[in-house]
Every structure is written in structure tokens, then in C-alpha cells.
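For reference, the structure is listed below as C-alpha cells.
Every number in this text was worked out from the coordinates using simple rules, so none of it is lab data. Since the structure is predicted, the reported quantities are computational estimates derived from the model, not experimental observations. Virtual Cβ from ideal backbone geometry, glycine too; neighbours counted across all protein chains shown.
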């Protein structure tokens, strides 16, 4: 028969795996740490550390990543050591609060903490079923969308209510947060009503502050002889910082009535994925334009 301790550890590891599957130790927007260190060690009898001391640093070839939740309530740190070992630590403020420079006492296991603060240090196949602990955020500097520019923290963790402690300290630094993607979109004052295929040809420009592929989509709406004519359009342009980039698209009427010369309302949406933060960004605008009779490349008025 296997000893009782073996069964407890098996249950523990299932719980750790379930927690990671549900939330993940490090947010999806985590970025590599450029400089700093993470050291920790435990008392004899501490299950996580095995009573050993550990030290990791990017300068030594270890890969550390750090990221925060969008609301800055949680920070996750992970290391993949050059020797093949791996560890995670999570810090969370009480529900609804951002992490700030202070000491958080009475922490329980992340992510099952309820409304209070939370902590969790595990890795190399080891984790606590339950824990108590305290941690101090000495300094933290956030950027947009979970970017962590600086993190200085210390912590102490006790597994399963035992007296043996694991203690850790980290000082992590990254480059200043990159600028968020900013988009702008304009619609030209004039468009064209193509008499050959009934489509409306509309155009404008997009602007951006970082190179990105921008999708321009929207709808043209026109009323003629009490008939509402609508048609959608989309196109894609490679946007680069600097001068606005032109776009042109054709809207096909959804019914049998073609677009005609005269006034029309054009709604456009420029959208792209922020390459630094992996979040969608969009800019919308609406304008009344004048459609003139013509096809692409030429215009003739009756």
C-alpha cells in the first residue's frame, strides 16, 4: 500500500494542474524579463524548495517572464531555468484592487483565494494544496495591458499550514512600455457611383503610430426615390508611421437598386491588432459624401 503522504501529494498535483489549466500562471501578455534576479529558498521540511536555495537571472541564461492582468490585480512570474527546471509565482491583491507598494498579509493560495490577497509559488511538479503567506510589493511600475516595467517583491509561503517556510525575493526590470497602437481613419468627401455594376466606390486614409496591417470596413447607405440602398465594403492596407496611407473600396448594394450619384452616408471602421500588446484596436467614423457617376480611375457628371 502506498503511504498516505503519496496520496496527498497526488491530490495536490491534480489541484495544481487544474488551477493552471483554468487560469495559467502567467498572463497571456507576459513579456520576457530583460534584467534582474529571482532568488528563493526554504527551511528543512519545506516541500516546494526541498530545503534548497535557488537563484535565477536573465544574465545567466535563465528565461524569466512577467505579466499582469488588465486590471493590475494579479502579477505572474515564470522562470525556465537553464538547467531545465521551472517555477511560477503569483501575487494578487484583494478582489477589485490593483497591486501597489505595500505588504499583503493573510494571503491564501492563488487562484482560490476568494476576496482576500493571494500568493502561490510552485514548480518542478510541486505545489501546495493549501497555503498561508505574506508578500510585500516594494515597487511596481505598470505599462498598458499587463505590461510590467519593474517589480521588486519579497514573500513567504507555508504549505498545508506547516511551520516550514519558503522565502523568495525578486527584482525584475524591463524597458519602458512600448506605445499603444493608435489608429485614425478618414473618409474622402467624394466617391463614385459605378453605372456599370451599381457599386459605390469610396476612399479615404488611415494613419498609425507603429507598422501594422489595417482592415478598413464599413457600409454605404443612400436613399433614392424612397428606396434605401445599402452595401458593405472592406479592404486591407499596410500602414506605416508617417504620411496617411490611402485606401479605396467598393460597396456592393445588397438589393437590386444600384448606388446612384448624389449624397450617401459612409461609415468606416479601421481595425488592427496591436503588435506589442496583442489587443484589438479600432477607430470608427461616419461622413456624408457626394457620389459622382463614374468608374474607378475616372469620373463623369451628367
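How far, in degrees from 0 to 90, does helix 4-23 lean away from the longest principal axis of the Cα atoms of the chain, to the nearest 10?
The angle comes out near 20 degrees.
Quick one: compute a quarter of the convex hull surface over the Cα atoms of the stretch 194-277 and quote it in nm².
Working: hull surface 24.4 nm².
Averaged projected hull area, Cα only: 6.1 nm².
When the label point is put 7 Å from the Cα of residue 213 along its Cα-to-beta-carbon vector, which residues of the stretch 252-284 have a backbone N closer than 11 Å?
273
Compare 129, 60, 225 in a GNM of the chain, Cα atoms joined below 10 Å, and give the one with the largest fluctuation.
225
Report, in deg cm²/dmol and to the nearest 500, the calculated mean residue ellipticity at 222 nm for the chain, where each DSSP H run with n ≥ 4 adds -39500 (n - 2.57) and the sum is divided by the residue count. Can you show the working numbers first?
On the way: 1 runs with 20 residues, N = 302.
Helices in the chain give a 222 nm mean residue ellipticity of -2500 deg cm²/dmol.
Just check the stretch 42-146 against the gyration tensor rule for me: Cα atoms, a ≥ b ≥ c as the square roots of the eigenvalues, rounded for a/c under 1.5, and otherwise prolate or oblate depending on whether a/b exceeds b/c.
Details: a/c = 2.02, a/b = 1.24, b/c = 1.63.
Oblate is the answer for the stretch 42-146, as a/c is 1.5 or above yet b/c matches or exceeds a/b.
Which whole-number percent is the relative contact order of the stretch 183-293 (Cα, under 8 Å, 6+ apart)? Please report the intermediate quantities before stating the final value.
Values: 320 pairs, mean separation 38.7, N = 111.
Relative contact order comes out at 35 percent.
Could you give the length gained on full extension between residue 235 and residue 285, defined as 0.36 nm per residue of separation minus the Cα-Cα distance, in nm? Please list the in-between numbers first.
Numbers: separation 50, 0.36 × 50 = 18.00 nm, distance 1.58 nm.
This chain segment gains 16.4 nm when fully extended.
With label points built 7 Å along Cα→Cβ from the Cα atoms of residue 71 and residue 243, find their separation and express it in nm.
Those two pseudo-labels are separated by 4.7 nm.
Hey, with R₀ at 30 Å, roughly what FRET efficiency would residue 184 and residue 55 work out to, going by the Cβ-Cβ distance, to 0.05?
Given R0 = 30 Å and the Cβ-Cβ separation, E is 0.05.
For the stretch 95-241, calculate the relative contact order in percent as a whole number, restricting contacts to Cα pairs under 8 Å that are 6 or more residues apart. Walk me through the numbers before you get to the answer.
Values: 274 pairs, mean separation 19.9, N = 147.
Reported as a whole number, the value is 14 percent.
FRET efficiency for residue 149 and residue 95, Cβ-Cβ distance as r, R0 = 30 Å, nearest 0.05?
0.75
Measure out, as a whole number of angstrom, how far apart the alpha-carbon centroids of the stretch 251-281 and the stretch 99-177 sit.
If we compute the Cα centre of each part, the gap is 46 Å.
Could you work out the relative contact order of the chain, using alpha carbon pairs under 8 angstrom and six or more residues apart, expressed as a whole percent? Please list the in-between numbers first.
On the way: 819 pairs, mean separation 41.5, N = 302.
Once divided by the residue count of the chain, the mean separation gives 14 percent.
Shape call for the chain from the C-alpha gyration tensor, a ≥ b ≥ c root eigenvalues: rounded (a/c under 1.5), prolate (a/b greater than b/c) or oblate?
Details: a/c = 3.75, a/b = 2.97, b/c = 1.26.
The shape class here is prolate.
Build a GNM of the chain with springs between Cα atoms under 10 Å: which of 214, 223, 77 gets the top mean-square fluctuation?
Comparing 214, 223, 77 in the GNM, the peak value goes to 223.
Which one, 291, 119, 181, has the greatest fluctuation when you compute a Gaussian network model over the chain with C-alpha springs under 10 angstrom?
291
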